Structures are given as C-alpha cells and as structure tokens.
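Worksheet: the structure to be examined is printed underneath.
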Amino acid sequence: MATFVLVHGAWHGGWCWDRVATTLRAAGHEVHAPTLTGLSERAHLLSPLVGLETHVEDVVRVLDVLGLGDVVLVGHSYAGQIVTAVADRRPRLVAHRVYLDAFVGSDGEAARDLLPETVEHHWAESAAEQGFGWLVPVRKLSVLGVTEQADLDWLSPKLTPHPWKTYTDPLRLTGAVDDVPAAFVECVSWMRVFAGQADRARARGWPVHELETGHEAMVTAPEELAAVLAGIAGRLPAASDEKES
C-alpha cells in the first residue's frame, strides 16, 4: 500500500481532498492532506510574509515530523510548485510526484510566469485592486468547472483569499528533484489553463493522464482521480489510461 501526501492549491484547505482520501483509505492506503499556512482553517495565520517558502516548509515538516517515506506527493494547481520544491529537498522520501492540473516549474520560475498571459494579468490586477496588493480573491468556482449546487455549497464557505507572494516567489532547486519520477494529470473539461503545463510534462517524458472533468477534480471526479493516483502509485495502468497521451 502507498503513502499519499495530497497538497491543495490556492484558496483551499486539506479538507478538499476528503472524497479522494476516503476512497484511497478504503483501499488500504495511508493519506495525509495538510492545510497550508494562511488558508482555510489556518487563515488566522495569513500575513504578507506568507510565500512559497512557507508552504514548502509546511509540507517538508509533514514528511519529517511524521517520519514518512516512499511518499506519493500530489499537488493540485499552484501546489505543483510546492511538490517540485519538496521533492528537490527530500528526494529520498518521495517515491513519485504527481501534478494534478498543476504548475511544472523549473529553477528560477515563479508560478505567475507559468500562467497564460491573460490569466496572469487578471490575477495580478485582482491582487492589486481587490487584495490590498498581496492577496488573490477567491475565483468563481463555475469558472473552474464546478456546477453542482451540493459541491458549491461544500466548497464556498471554506475558501479564503490566497497570498500573492506564493505566485511571485521563484523556485530554488538543486536539481535533486530530477531523480524523482513524475506524472501529470490534466483535467480537460474546462478552459484548460494548464494545457501548457501538460505539454511541459510530455516534453520531459512524463506520462500524462487525462480526466474528463473540471479543474476541481478532487471534488467533481474523486473516484476517477483516486483510481489514477492508485495506478500511478502501484506502477500499474490507471483506470483512465486509455486516455493517456
């Protein structure tokens, strides 16, 4: 059985993985889903100083303090930056890294550099005009492909503004991350903001799996996502491999 550490993206908390975690645990896997500093139930810790380094340290400490090893480290969206940095610092503890509709960054690249130009402009403008220069307001969930009212009701009250510094801080890598196997999962039933990141993954020779759902796959397609993750962890064909490209 595998040990999963699931890292959420902007605005969310570790609870957003509950549906996926339930399925993985029922299959016998160990699952950890921390909430990053300054977000959701930890929003009371938010300040302009919270940046990428803060969140990388959040996850590194989960690995170190809990004594985890042979970890399948999964990052959603913004958390692709975190997965890359954590695997670079703890390559012996991470067996596989998985990017779920997430940033595939290189040394020196910030998350804002990896966004399509129009999206990056919107985020920067939102932070400047509505977020006091350092916060990104919560985006409409419908834009991310969430349409079911029950899902909207579950997500909306728990989401909180995200620190813009995490998007402007560059990755600092030693190159150790390159020795950790990686895979990409793209959510293809929305505007596909991360299509360019999927292309990056293909260029690096990573397997790319496609899920017919919106960006919030852990909410809108949890069982399908859990099957893909379990397949990657077991080095076995995943349930959606017929769509692999």
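How many residues are crowded, with 16+ Cβ neighbours inside 10 Å, part of a helix (DSSP H, G or I) and charged (D, E, K, R) when one looks only at the range 159-179?
Result for the range 159-179: 1.
Does Ser77 meet the test of being small (Gly, Ala, Ser) and either modelled with pLDDT under 95 or under 17 Å from the mean Cα position of the chain (by Cα) (or both)?
So Ser77 fits the description; yes.
Let me spell it out: the conditions are (1) farther than 21 Å from Leu141 by Cβ; (2) in a helix (DSSP H, G or I); (3) modelled with pLDDT of 95 or more; (4) not polar (S, T, N, Q), and Glu242 meets all of them except one. Which number is the exception?
(3)
Only one residue in Arg192, Arg202 is open to solvent by 20 Å² or more (accessible area, probe 1.4 Å) and in contact (Cβ under 8 Å) with a residue 24 or more places away in the chain, so which one is that?
Unique residue meeting the criteria: Arg202.
Could you say which residue among Ala198, Ala183 is of a type in the set (Gly, Ala, Ser), within 16 Å of Val83 (Cα to Cα) and not in a helix (DSSP H, G or I)?
One residue alone meets the criteria, Ala183.
Given Asp151, Asp113, which one is within 30 Å of Gly234 (Cβ to Cβ) and open to solvent by 10 Å² or more (accessible area, probe 1.4 Å)?
Of the residues listed, the single one that is within 30 Å of Gly234 (Cβ to Cβ) and open to solvent by 10 Å² or more (accessible area, probe 1.4 Å) is Asp151.
Cβ contacts < 7 Å: first residue free of Cβ contacts under 8 Å to residues at least 24 places away in the same chain, restricted to the range 91-120; second residue assigned to a helix (DSSP H, G or I) and crowded, with 16+ Cβ neighbours inside 10 Å, any location; separation 6+ or different chain. Result?
What qualifies is Glu120/Arg112.
Tally the residues that are outside any helix (DSSP H, G or I) and surrounded by 17 or more Cβ atoms within 10 Å (Cβ to Cβ), restricting the search to the range 34-69.
Qualifying residue count, the range 34-69: 10.
Somewhere in the range 83-105, is a residue more than 14 Å from Gly9 (Cβ to Cβ), of a type in the set (A, V, I, L, M, F, W, C), assigned to a helix (DSSP H, G or I) and open to solvent by 20 Å² or more (accessible area, probe 1.4 Å)?
no
Filter the range 125-145 down to the residues that are more than 19 Å from the chain's Cα centre (by Cα), farther than 14 Å from Pro161 by Cβ and surrounded by 17 or more Cβ atoms within 10 Å (Cβ to Cβ) and list them by number.
Scanning the range 125-145 gives no hits.
Does the range 16-75 hold any residues that are of a type outside the set (Lys, Arg), without any contact (Cβ under 8 Å) to a residue 12 or more places away in the chain and within 17 Å of Leu93 (Cβ to Cβ), and which are they?
Glu57, Val65, Gly67
Kindly list, by first and then second residue, each pair from a residue in the range 145-156 that is among the aromatic types (Phe, Trp, Tyr) to a residue that is modelled with pLDDT of 95 or more, limited to pairs with Cβ atoms under 8 Å and residues at least 6 apart or on different chains.
As it stands, the answer is Trp154/Val219, since those pairs meet every condition given.
May I ask you to verify whether Ala221 is at pLDDT 95 or above, crowded, with 21+ Cβ neighbours inside 10 Å and over 27 Å from Ser126 (Cβ atoms)?
yes
Answer yes or no as to whether Ser156 is modelled with pLDDT of 95 or more, surrounded by fewer than 19 Cβ atoms within 10 Å (Cβ to Cβ) and either in contact with a Lys or Arg (Cβ under 9 Å, 6 or more places away or on another chain) or among the hydroxyl-bearing types (Ser, Thr, Tyr) (or both).
yes
Just give me the residues in the range 1-26 being open to solvent by less than 10 Å² (accessible area, probe 1.4 Å) and outside any loop (DSSP other than H, G, I, E, B), in sequence order.
Correct list: Phe4, Val5, Leu6, Val7, Gly14, Cys16, Trp17, Val20, Ala21, Leu24.
The values are calculated or read from the model by the stated rules, or taken from the named source; none is laboratory data. Bear in mind the structure is a predicted one, so any value in this text is a computation, not a measurement. Don't worry about glycine lacking a Cβ; one is built from the backbone with ideal geometry, like all the others, and counts go over all protein chains shown. For the accessible areas, the whole protein counts, side chains as well, though only heavy atoms, and no ligand, DNA or RNA atoms are used. Shrake-Rupley method; radii C 1.70, N 1.55, O 1.52, S 1.80 Å.
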